[in-house]
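Step one of this worksheet: look at the structure below.
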Amino acid sequence: MTATAGPLRDTVALVTGASSGIGAATARALAAQGAAVALLGRRRERLEELADELRGEGGTASVVAADITDQRLAAEAVEAVVSELGRLDTVVNNAGTMGVGPVEDSPLDEWERMIEINVRGLLYVTHAALPHLLRGAESSPRGVADLVNISSTAGRVARPGTAVYNLTKFGVNGFTEALRQEVMRKRVRVSVVEPGTVDTELSSHLRDGAREAVERQVEGLELLRPEDIADAVSYIVTRDRRVAVNEILVRASDQTW
């Protein structure tokens, strides 16, 4: 399948946290389905490399380097995408970070970072993108627009040592469901994907001690790959407009939590 022949041809998708991991894999998957893809993240060099890759395969890609934890910059990033690519049909809120450790001795700046990225960043992008998605649904060749939030199994299962991460991901799940009910009759589908343990950079950003604890927890598991989560996102957004896939939970096959 060429990049322009898929079910998402003539549509525009925006992916946050697109410089690596699930975000990069999702951008590739949506481009393969025919979407023009806007890559949003902080690491411009990586975004440009991915954009060159997608263009080399016949796709259309745009790069927007911005920190979505700044409301003004998040809004400007969304507007830049619409200005360059003409519309917005799909948004994947993937950007996120994780911190682990007991509440009693966790650094507060780690908590703030999770709240800034996992919650505020998602909210800022959603708020800026929603009017465009509503308009896009009205004029889309597919008759529908999609907002997909990447949550976590931590949005379903609370465990010791992940209290604030749980807070952010339970919040994402609740926000997603409430927004889904608000806009579902306006042909905007709102969905959540909850990945389990995925082989990404996420755990490499943990502080010493916490990183080793996570590595021990997943020792022996065959971790999911970013492409596994990208497949779930692609499945959601390529369904006919009569179908709404509200939630997909994807665990590693040996994962119990």
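Residue 180 meets the stated requirement of being among the basic types (Lys, Arg), out of contact with any Gly (no Cβ under 6 Å at 6 or more places or on another chain) and crowded, with 17+ Cβ neighbours inside 10 Å. Can you spot a residue in segment 152-159 that is closer than 16 Å to residue 237 by Cα, touching a residue at least 60 places away in the same chain (Cβ under 8 Å) and outside any helix (DSSP H, G or I)? There is no residue in segment 152-159 that is closer than 16 Å to residue 237 by Cα, touching a residue at least 60 places away in the same chain (Cβ under 8 Å) and outside any helix (DSSP H, G or I).
Among the residues of segment 43-69, write down those that are open to solvent by 60 Å² or more (accessible area, probe 1.4 Å) and either within 30 Å of residue 115 (Cβ to Cβ) or in a helix (DSSP H, G or I) (or both).
43, 44, 45, 46, 48, 49, 52, 53, 55, 56
Tally up the residues in segment 78-130 that are assigned to a helix (DSSP H, G or I) and either out of contact with any helix residue (DSSP H, G or I) (no Cβ under 9 Å at 6 or more places or on another chain) or of a type in the set (Val, Ile, Thr) (or both), please.
Residues flagged as assigned to a helix (DSSP H, G or I) and either out of contact with any helix residue (DSSP H, G or I) (no Cβ under 9 Å at 6 or more places or on another chain) or of a type in the set (Val, Ile, Thr) (or both) within segment 78-130 amount to 20.
Pairs meeting the criteria (first residue in segment 74-85 and closer than 9 Å to residue 14 by Cβ, second residue open to solvent by 40 Å² or more (accessible area, probe 1.4 Å) and part of a helix (DSSP H, G or I), beta carbons under 8 Å, at least 6 apart or on different chains) are lacking. Taken over segment 70-86, residues that are open to solvent by 20 Å² or more (accessible area, probe 1.4 Å) and of a type in the set (A, V, I, L, M, F, W, C) amount to 5. Scanning segment 131-151 turns up one or more residues that are open to solvent by less than 40 Å² (accessible area, probe 1.4 Å), within 22 Å of residue 228 (Cβ to Cβ) and assigned to a loop (DSSP other than H, G, I, E, B).
In segment 97-121, the residue that is most open to solvent (accessible area, probe 1.4 Å) out of those that are touching a Ser or Thr at 6+ places or on another chain (Cβ under 8 Å) and not β-branched (Val, Ile, Thr) is 120.
Among the residues of segment 223-241, is any closer than 10 Å to residue 195 by Cβ, touching a residue at least 40 places away in the same chain (Cβ under 8 Å) and assigned to a strand (DSSP E or B)? No, the conditions are met nowhere in segment 223-241.
Residue-level check: of (1) modelled with pLDDT under 95; (2) farther than 22 Å from residue 100 by Cα, residue 148 misses just (1). Looking across segment 1-23, the residues that are among the hydrophobic types (A, V, I, L, M, F, W, C) and open to solvent by less than 10 Å² (accessible area, probe 1.4 Å) come down to 8, 12, 13, 14, 15, 18.
The values are calculated or read from the model by the stated rules, or taken from the named source; none is laboratory data. Source: prediction; values computed, not measured. Neighbour counts are summed over all protein chains in view; Cβ atoms, including those assigned to glycine, are modelled from backbone coordinates with ideal geometry. Only protein heavy atoms, including side chains, enter the accessible area calculation; ligands, DNA and RNA are left aside. Shrake-Rupley method; radii C 1.70, N 1.55, O 1.52, S 1.80 Å.
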